[in-house]
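Written out below as structure tokens is the structure these notes cover.
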Amino acid sequence: MNREETFTQSHQPYAVDLASLGVEDVEPGADGPVRATVRALWFRRRRARHDGPVLTVACYGLLWDYQDKRPADARAFLAAHADGRYGGSCRARWDGTTLWTVPSMTEPVRAKWFERLSAMLASYPAVPDGYDGWWTFRG
């Protein structure tokens with residue numbers, strides 16, 4: 001991934017929490033490969049219905065990747081993450097009307113993400129507080 005200074009919706013950028021790197025061994029006790037993740041927020045455009053208007057939605061989820069060696073930090077993870085075909089693994093999405101979350105999300109956590117995603121959508125296209133943006137698979 002590459003970091004871009006400006007927001008360009010067509011580049012499908014992500015804002016990431018650089019302090020959220022999670023790494024787990026694919027084979028416990030082995031020296032690689034690993035599955036690594038970082039928390040991310042992003043905006044996407046989608047239709048509410050087949051014939052409806054195009055909406056901007058705010059999303060929360062994870063960027064994940066299998067890598068041959070343990071990344072030193074989140075920036076190293078992102079620099080090595082080159083396959084964006086699956087995008088982020090979405091955990092919550094707000095379109096200005098409806099909040100969707102994964103079924104396992106508890107009501108207090110849903111409320112937290114409703115507040116965060118509502119503020120994010122209201123300040124589109126600003127980088128959300130506490131996140132580093134904008135990271136893309138372009139370049």
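Quick test of your reading of the structure: A82 fulfils all but one of (1) in a loop (DSSP other than H, G, I, E, B); (2) in contact with a helix residue (DSSP H, G or I) (Cβ under 6 Å, 6 or more places away or on another chain). Name the failing condition by number.
Evaluating A82 over (1) in a loop (DSSP other than H, G, I, E, B); (2) in contact with a helix residue (DSSP H, G or I) (Cβ under 6 Å, 6 or more places away or on another chain) leaves (2) as the failure.
Please tell me if W135 is touching a strand residue (DSSP E or B) at 6+ places or on another chain (Cβ under 9 Å) and part of a strand (DSSP E or B).
Answer is yes for this residue.
Hey, among the residues in segment 58-69 that are in contact with a Gly (Cβ under 8 Å, 6 or more places away or on another chain) and hydrophobic (A, V, I, L, M, F, W, C), which one's farthest from P33 (Cα to Cα)?
Selected residue: C59.
Modelled with pLDDT of 95 or more, farther than 23 Å from L121 by Cα, surrounded by fewer than 17 Cβ atoms within 10 Å (Cβ to Cβ) and more than 16 Å from the chain's Cα centre (by Cα): does that describe D25?
Criteria not met by D25.
Restricting attention to segment 70-84, which residues are surrounded by 14 or more Cβ atoms within 10 Å (Cβ to Cβ) and either under 17 Å from G32 (Cβ atoms) or among the aromatic types (F, W, Y) (or both)?
R70, P71, A76, F77, A79, A80, H81
Just wondering, is there one or more residues in segment 16-35 that are over 14 Å from D132 (Cβ atoms), out of contact with any Pro (no Cβ under 7 Å at 6 or more places or on another chain) and polar (S, T, N, Q)?
no
For segment 1-42, which positions are under 20 Å from W113 (Cβ atoms) and aromatic (F, W, Y)?
Answer for segment 1-42, where residues must be under 20 Å from W113 (Cβ atoms) and aromatic (F, W, Y): Y14, W42.
If I go through segment 97-135 residue by residue, how many of them are within 24 Å of S10 (Cβ to Cβ) and in contact with a Ser or Thr (Cβ under 8 Å, 6 or more places away or on another chain)?
The number of residues fulfilling the criteria is 3.
For segment 105-119: of the residues being assigned to a helix (DSSP H, G or I) and among the hydrophobic types (A, V, I, L, M, F, W, C), which is surrounded by the most Cβ atoms within 10 Å (Cβ to Cβ)? Break it down stepwise before answering.
Let us first name the residues in segment 105-119 that are assigned to a helix (DSSP H, G or I), namely 107-119.
Adding the requirement that they be among the hydrophobic types (A, V, I, L, M, F, W, C) leaves 109, 111, 113-114, 117, 119.
Details: V109: 14, A111: 12, W113: 21, F114: 14, L117: 23, A119: 14.
Taking the candidates together, the pick is L117.
Against the condition assigned to a loop (DSSP other than H, G, I, E, B) and closer than 19 Å to R3 by Cα, how does G87 come out, does it pass?
yes
Only strands (runs of 3 or more DSSP E) wholly contained in segment 1-77 count here; list those with 2 or more residues that are in contact with a Phe, Trp or Tyr (Cβ under 6 Å, 6 or more places away or on another chain) and small (G, A, S).
On the way: elements: 14-16, 22-25, 34-47, 54-67.
Passing ranges, in order: 34-47.
The values are calculated or read from the model by the stated rules, or taken from the named source; none is laboratory data. These numbers were taken from a predicted model, which means no experiment stands behind them. Don't worry about glycine lacking a Cβ; one is built from the backbone with ideal geometry, like all the others, and counts go over all protein chains shown.
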